[in-house]
Every structure is written in C-alpha cells, then in structure tokens.
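Here the structure comes first, spelled out in structure tokens, and everything after it is commentary.
The values are calculated or read from the model by the stated rules, or taken from the named source; none is laboratory data. None of these values were measured; they are calculated from a predicted model. Here the Cβ positions follow ideal geometry from the backbone for every residue, glycine too, while neighbour counts run over all protein chains shown. Heavy atoms of the whole protein, side chains included, go into the accessibility calculation; ligands, DNA and RNA do not. Shrake-Rupley method; radii C 1.70, N 1.55, O 1.52, S 1.80 Å.
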Amino acid sequence: MYYSLTKFYQSHRRYTSSRSYAQLRGEVIPKYNSLEYYNCLPKRSFNNSDDVNDIYLPCGVATSSHFTDKFRLYDNAGKLLPLKKEGISWKSDEKLYKNPSKEAPGIRVIPDFTDEDFIVWMRLAAFPDFRKIYRFIETDVLKSGTYLLEIDNYFNPELFGGDKSIILRETGKHIGINNSFLGDSYIIVGSVCIFLSLIFLLQHKLSGRELGSGVNYYN
C-alpha cells in the first residue's frame with residue numbers, strides 16, 4: 001500500500017535544507033544561533049523565540065509537514081485486513097535517526113524520531129508527483145472485489161494545490177514498486193550513445209587522418 005501526492009516539491013532547495021541533521025541524530029545543540037538552527041527557518045521555534053526551550057524538536061519544514069493520514073483496509077466481507085508497518089523504511093536510513101534524551105530542551109514535535117512512517121517521509125522525493133510506501137498488506141493475494149478504505153484525514157493537499165491518493169500494488173517486499181521509468185531511461189540513453197559511437201567510427205574510417213601526418217586542420 002502506497003500513498004501518492006502531487007505538486008509537492010520535496011526537492012525544493014529551501015525544503016531540503018530546512019532541517020537539523022544533528023537534531024535528528026538525537027544530539028542537543030547548545031547554541032541557539034548556530035548554523036543547525038538557522039537552517040531550520042522558517043520552522044525553527046515557537047513564535048521564532050530565542051529561548052532554547054521553545055526550539056522545535058525536530059525543527060525544520062520537512063519535519064513539520066510530514067504525512068499524517070492513517071488508513072484501514074477492509075475486504076468485501078467487512079474484515080479488517082492486517083497491515084504491517086515493520087520494514088517499510090530503509091535500514092540505512094534508520095541509522096540516521098535517534099531520539100534525544102528526555103532532558104533535551106525544546107518543544108517535541110515528533111514523538112518518536114525512529115518511527116518508520118517519519119523516516120519514509122524524510123527520504124526526499126526527486127519529483128513533485130511521488131508515492132511513498134505506507135504498509136505491507138499481510139495477505140498473499142488481494143482477490144478482485146470491493147474494498148473499503150477507512151481514512152483518518154489529517155493531511156490537507158489543498159494547502160499546496162495538489163492531490164493525494166492511495167495505491168494498492170502487488171510487489172516484492174524488498175525490491176519496491178515496479179516502475180520501468182529508470183530502466184527505460186537507461187535503455188534510451190544507451191541506445192543513443194551506441195548510435196553516436198557508430199557515427200563517429202564511420203566518420204573516422206571515411207575521413208580520418210593518419211597519426212603523425214602533419215596535416216594542419218586549422219588552416
């Protein structure tokens with residue numbers, strides 16, 4: 001199960017830089033006016049206060065705009081289908097997040113920095129229209145029929161003029177969704193390179209010059 005958003009620019013320069021990597025690692029930043037907090041603008045602290053106790057934990061636009069909708073899926077018999085959350089985030093990403101100590105000053109915005117939903121959101125999408133994994137559906141096959149999707153609607157796409165949707169897709173757990181865009185791009189670029197190589201080779205054979213011939217091609 002994936003959720004999809006349109007017209008949401010996670011790759012925008014201001015969006016990508018508006019976070020504190022030190023905070024996300026669970027570190028306490030002693031100086032309020034440090035570069036780490038400056039990068040979090042405009043979501044740095046409550047009312048842009050200079051008090052260290054008003055700092056958002058974690059600060060930044062990326063952390064404050066994360067996707068918060070909740071979904072429950074029922075089959076045509078009204079049975080709630082089991083959805084598995086464990087394993088939706090990358091293990092390499094999980095190593096980058098750690099909760100701060102309970103004594104850390106500031107306003108806790110995200111209760112658990114190691115929450116996999118949060119980690120999935122923080123892996124930025126390259127394009128404004130994207131999808132992110134939400135859950136694994138714990139059943140072998142989804143039979144054709146009518147399903148009921150129950151939504152706790154918190155995330156408002158009208159704020160950025162976009163849309164949101166849910167995608168149910170059969171896919172391998174470890175290889176992700178089946179998307180041929182990258183493979184097709186490699187094939188096209190590779191074919192163009194081969195075609196140009198053949199043209200250059202043909203040109204070299206037909207009009208090339210011998211090495212050391214001394215011919216001045218600049219006159």
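Data table
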{"item": "Qualifying residue in segment 72-80 (condition: in a loop (DSSP other than H, G, I, E, B), within 30 Å of Ile151 (Cα to Cα) and among the basic types (Lys, Arg))", "result": "yes"}
{"item": "Single unsatisfied condition, Asp163 versus (1) over 23 Å from Thr6 (Cα atoms); (2) of a type in the set (D, E, K, R); (3) open to solvent by 40 Å² or more (accessible area, probe 1.4 Å)", "result": "(1)"}
{"item": "In segment 70-95, residue most open to solvent (accessible area, probe 1.4 Å) [restricted to those that are among the hydroxyl-bearing types (Ser, Thr, Tyr) and in contact (Cβ under 8 Å) with a residue 24 or more places away in the chain]", "result": "Tyr74"}
{"item": "Unmet criterion (only one of (1) aromatic (Phe, Trp, Tyr); (2) touching a residue at least 12 places away in the same chain (Cβ under 8 Å); (3) open to solvent by 100 Å² or more (accessible area, probe 1.4 Å)) for Phe181", "result": "(2)"}
{"item": "Matching entry among Cys40, Cys59 (being in a loop (DSSP other than H, G, I, E, B), modelled with pLDDT of 90 or more and within 16 Å of Ser20 (Cβ to Cβ))", "result": "Cys59"}
{"item": "Unmet requirement for Leu168, which otherwise passes all of (1) modelled with pLDDT under 95; (2) in contact with a Pro (Cβ under 6 Å, 6 or more places away or on another chain)", "result": "(2)"}
{"item": "Candidates Leu198, Leu202 - the one that is at pLDDT below 90 and part of a helix (DSSP H, G or I)", "result": "Leu202"}
{"item": "Hits in segment 142-157 - residues which are closer than 15 Å to Ile167 by Cα, open to solvent by less than 100 Å² (accessible area, probe 1.4 Å) and assigned to a loop (DSSP other than H, G, I, E, B)", "result": "Leu142, Tyr147"}
{"item": "Unmet criterion (only one of (1) at pLDDT 95 or above; (2) touching a strand residue (DSSP E or B) at 6+ places or on another chain (Cβ under 6 Å)) for Lys98", "result": "(2)"}
{"item": "From the options Phe127, Phe67, Phe71, Phe118, residue that is at pLDDT below 95, of a type in the set (Phe, Trp, Tyr) and within 25 Å of Pro157 (Cβ to Cβ)", "result": "Phe127"}
{"item": "Matching residues, segment 125-142, being touching an Asp or Glu at 6+ places or on another chain (Cβ under 8 Å) and among the basic types (Lys, Arg)", "result": "none"}
{"item": "Residues of segment 97-117 satisfying the condition of being touching a Lys or Arg at 6+ places or on another chain (Cβ under 9 Å) and β-branched (Val, Ile, Thr)", "result": "Val109, Thr114"}
{"item": "Residue match in segment 37-47 (condition: open to solvent by 80 Å² or more (accessible area, probe 1.4 Å) and on the phi > 0 side of the Ramachandran plot)", "result": "yes"}
{"item": "Segment 9-32, residues that are within 30 Å of Ser165 (Cα to Cα), in a loop (DSSP other than H, G, I, E, B), in contact (Cβ under 8 Å) with a residue 24 or more places away in the chain and open to solvent by 20 Å² or more (accessible area, probe 1.4 Å)", "result": "Tyr9, Ser11"}
